[in-house]
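Nothing in this text is a laboratory measurement; each read-out follows from the coordinates by a stated rule. In this text the structure is predicted, and so the values were computed from the model without any measurement. Backbone-built Cβ (ideal geometry, glycine too); neighbour counts: all protein chains shown.
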Amino acid sequence: MISIRSFGSSSAGNCYYVTDGHTPLLLEAGIKFKDIQRDLNFQTSSIAGCLISHEHSDHAKAYKDIMKAGIDIYATQGTIEAIKATGHRIKPVQAMMQFTLGTWDVLPFGVEHDAADPVGYLLQNRQKERLLFITDSFFCRYKFTGISHLMIEANYSLEILNENIRNGSIPPVMKKRLMRSHFSLENVKDFLKANDLSKLQEIWLLHLSDSNSNAELFKREVQELTGKLVVIP
């Protein structure tokens, strides 16, 4: 059974702990490792690896301390080069090249973000539960079947962003950057409509903007659309 915990889900830092009851993993390394240790009561020796989606500091800044703790880092070659990571704990991955990590089968896939070689991850455990992780992408070109757990960015609402631009609280130049790098609520809803939700148990909405989102609104609209449990960390 898949279990998910969030240790950080914002532009200040992103890090999630997922386990199938056998192989614990970290998704992202965007907060201080000492905070990860504290959140896990300093029980980090069983963590089998840390999957990083891309090089931006709110997703990767703690990778050195994580490696020092004896935990392998999994990232694309572009991400590895961007963060200048070296050492035997660095494990390069490629989009659409599946690998096994403990009891997980992991498939990285390309996403759309202003980074060197960003990816999302599809994880499947031995019970055939499937966890899909997509963050920092304005679009996903793939469709998925049999997803049981969805962790997806919902950074902003286009309606809220436009209102913030109209009232002057957000500079207009921000709109183009957001629309070419981050998932909006509208994109999330389109993604959900396009994919197989028949086995979906829960949806985690990640990385909400401090100023361009509304957690209560996002949760309500996604619940109404899907009828599924929605979690906003």
Rounded to whole Hz, the Karplus (6.51, -1.76, 1.60) HN-Hα couplings of the range 148-156, x for glycine and proline: 9, 9, 10, 10, 9, 5, 9, 5, 8
Using amide H atoms built 1.01 Å from N in the peptide plane, name the residues 5+ places from LEU206, or on other chains, whose amide H lies under 5 Å from its own. ILE152, GLU153, ALA154
With the cut-off at 18 Å, tell me which of the pairs LYS175/LYS219; LYS34/LYS64; LYS34/LYS68; LYS84/LYS176; LYS176/LYS219; LYS32/LYS91 have Cα atoms farther apart than that. LYS175/LYS219; LYS84/LYS176; LYS176/LYS219; LYS32/LYS91
Spin-label pair ARG180/ILE165, simplified geometry with 7 Å Cα→Cβ offset, distance in nm: 1.3 nm
Once amide H atoms are built 1.01 Å from N in the peptide plane, which residues 5 or more positions from THR76, or in another chain, come under 5 Å H to H? VAL93
Would you mind checking which residues have amide H under 5 Å from LEU101's amide H? H placed 1.01 Å from N; only 5 or more apart, or other chain. VAL106
For the chain, averaging the sequence separation of alpha carbon pairs under 8 Å that lie six or more residues apart and dividing by its residue count, the contact order in percent is 15 percent
Rounded to whole Hz, the Karplus (6.51, -1.76, 1.60) HN-Hα couplings of the range 121-130, x for glycine and proline: 9, 10, 10, 10, 9, 5, 8, 6, 6, 10
Sorted by packing (mean other beta-carbon atoms within 10 Å per residue), highest first, where do 142-151, 50-59 land? 50-59, 142-151
Ellipticity estimate at 222 nm from DSSP helix runs (n ≥ 4, -39,500 (n - 2.57)) divided over the chain, nearest 500: -7000 deg cm²/dmol
Residue by residue through the range 85-95, which ³J(HN,Hα) values in whole Hz follow from phi under the Karplus form 6.51 cos²θ - 1.76 cosθ + 1.60 (θ = phi - 60°), with glycine and proline marked x? 8, 9, x, 6, 7, 8, 10, x, 10, 10, 4
Beyond 18 Å, how much of the Cα-Cα pair distribution for the range 5-53 remains, as a whole percent? 18 percent
Taking every other residue with Cβ under 15 Å from the Cβ of SER169 and scoring Lys and Arg +1, Asp and Glu -1, one gets -1
With the label point 7 Å along the Cα-to-beta-carbon line of LEU158 and a cut-off under 11 Å to each amide N, the hits in the range 183-212 are 184-188, 190
